Amino acid sequence: TLTSLCDSYISLHRSEGFGLTLAEAMCLGKPVIATGYSGNADFMNINNSYLVKYKLAEIEKYADKAIETKSQNAKAYTLKGFLKKLEQLHEEAIANYSEAIRIDPNSDDAYRSRGDAKSDAGDMDGAIEDFTLAIKLNPTAAVSYFERALAKKNKKDISGALEDLNKAVELDPQNTLS
């Protein structure tokens, strides 16, 4: 493997699943340097690897600070919407994405993200509408076609879903999601 050819293995990450490549390097006897956080902390310690110290940051407070400093910061509202979506607070996520769209109506990312939140909340019609607006703003974004395909599939519009999936593959043939 490529790892066997390395002198050492370094992974400075924010999050790591199990850390399979780290474990592989350790099994090969390679010195491993990695952030001492996440899944790899289950098998890495100061006796068998070089752990880099970390400090957890609360991302939402940074988004709030950006909004407080510059209330017309669409990206901060998009980030806050994403964080609310992770917490499964769909209505709050949608409200933050809507504010981002109000500030920057040309943000295909905000429309796509709001569509994703609407889909999670079960509003497939609203999701499809937002994905369609995202596509109008950026017709080369394969992910918007892919997300709209999923929403159409959930509405049992199989032919529409296949059409969007084909377009996503056409735009990005390397996309493993499609």
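Look at the stretch 30-46: where a residue is on the phi > 0 side of the Ramachandran plot and a partner is open to solvent by 60 Å² or more (accessible area, probe 1.4 Å) and not in a helix (DSSP H, G or I), sitting 6+ places away or on another chain with Cβ atoms under 7 Å, you get SER38/SER15. Only a single criterion out of (1) closer than 23 Å to GLY81 by Cβ; (2) small (Gly, Ala, Ser); (3) open to solvent by less than 40 Å² (accessible area, probe 1.4 Å) is not satisfied by ALA121, namely (3).
None of TYR145, TYR97, TYR111 is within 30 Å of GLU58 (Cβ to Cβ), touching a residue at least 24 places away in the same chain (Cβ under 8 Å) and among the hydroxyl-bearing types (Ser, Thr, Tyr) except TYR111.
Residue-level analysis places ALA110 outside the set of residues that are open to solvent by less than 50 Å² (accessible area, probe 1.4 Å) and over 21 Å from GLN72 (Cβ atoms).
Where helices (runs of 4 or more DSSP H) sit wholly within the stretch 28-124, those with at least 3 residues that are more than 30 Å from THR140 (Cβ to Cβ) occupy 59-69.
The values are calculated or read from the model by the stated rules, or taken from the named source; none is laboratory data. This one's a predicted model, so the numbers in the text were calculated from it and none came from an experiment. Because the Cβ atoms are built from the backbone with ideal geometry, glycine has one as well, and the counts that use them run over all protein chains shown. Surface accessibility is based on the protein's heavy atoms, side chains included, excluding ligands, DNA and RNA. Shrake-Rupley method; radii C 1.70, N 1.55, O 1.52, S 1.80 Å.
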